[in-house]
1. Please determine, in degrees from 0 to 90 and to the nearest 10, the orientation of helix 2-13 with respect to the longest principal axis defined by the Cα atoms of the chain, where the helix direction is its Cα long axis.
2. Rounded to the nearest 0.05, what FRET efficiency do residue 61 and residue 14 give with R0 = 25 Å and r taken as the Cβ-Cβ distance? Could you check?
3. At 222 nm, what value in deg cm²/dmol follows for the chain if DSSP H runs of at least 4 each add -39500 (n - 2.57) and the sum is divided by all its residues, to the nearest 500?
4. Among 12, 60, 24, pick out the residue whose Cα is farthest towards the positive end of the charge dipole of the range 2-68, where Lys and Arg carry +1 and Asp and Glu carry -1 on C-beta, about the Cα centre.
5. Taking only the alpha-carbon positions of the chain and ignoring solvent, what does the Debye formula give for the base-10 log of I(q)/I(0) at q = 0.24 Å⁻¹?
6. Too long at a 32 Å Cα-Cα cut-off: which of 29/71; 7/62; 17/56; 7/71; 13/62; 13/76?
7. Taking K and R as +1 and D and E as -1, what net charge do the other residues with C-beta under 15 Å from the C-beta of residue 14 add up to?
8. In nanometres, what is the gap between the two model label sites at residue 33 and residue 89, each 7 Å from Cα along Cα-to-Cβ?
Amino acid sequence: SDEELRKIEAALKAPSKFNIPSWMFNRRKDLETGKDMHLIGSDLELRVKQDIEFMKSIRCWKGWRHSLGLKVRGQKTRTTGRTGRTVGVQRKKVA
């Protein structure tokens, strides 16, 4: 119902008021403020982009990987995650 939707929206906007534990927030110990926050929608997307740009600017390892377009979290890159055109393989003609 409408009342339940309002409660859910309020809980998402201010989860600390509803006794939701901080480990469930999607932004804990913010770099700028040091507070635990739960961001939704475009606010979350904007903050993630800002974090990536910050990592690039301080030239940390994750920032380097982001700027090169490579995997960031330690995955293997030898065979997976390839981009660009593929090279086809041709069979030998039967004599």
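1. That helix lies at roughly 70 degrees to the long axis.
2. With R0 = 25 Å, the Cβ-Cβ based efficiency is 0.10.
3. After summing the helix terms and dividing by residue count, I get -12000 deg cm²/dmol.
4. The one lying farthest along the dipole's positive direction is 60.
5. Ignoring solvent entirely, the Cα scatterers give -1.24.
6. Violating the 32 Å limit, Cα to Cα: 7/62; 17/56; 7/71; 13/76.
7. +3
8. Reported label-point gap for residue 33 and residue 89 is 5.5 nm.
Read the figures in this text as sums done on the coordinates, not as results from a lab. Computed from a prediction, not measured in an experiment: that's the story for all the values here. Every residue, glycine as well, gets a Cβ built from its backbone with ideal geometry; the counts of neighbours run over all protein chains shown.
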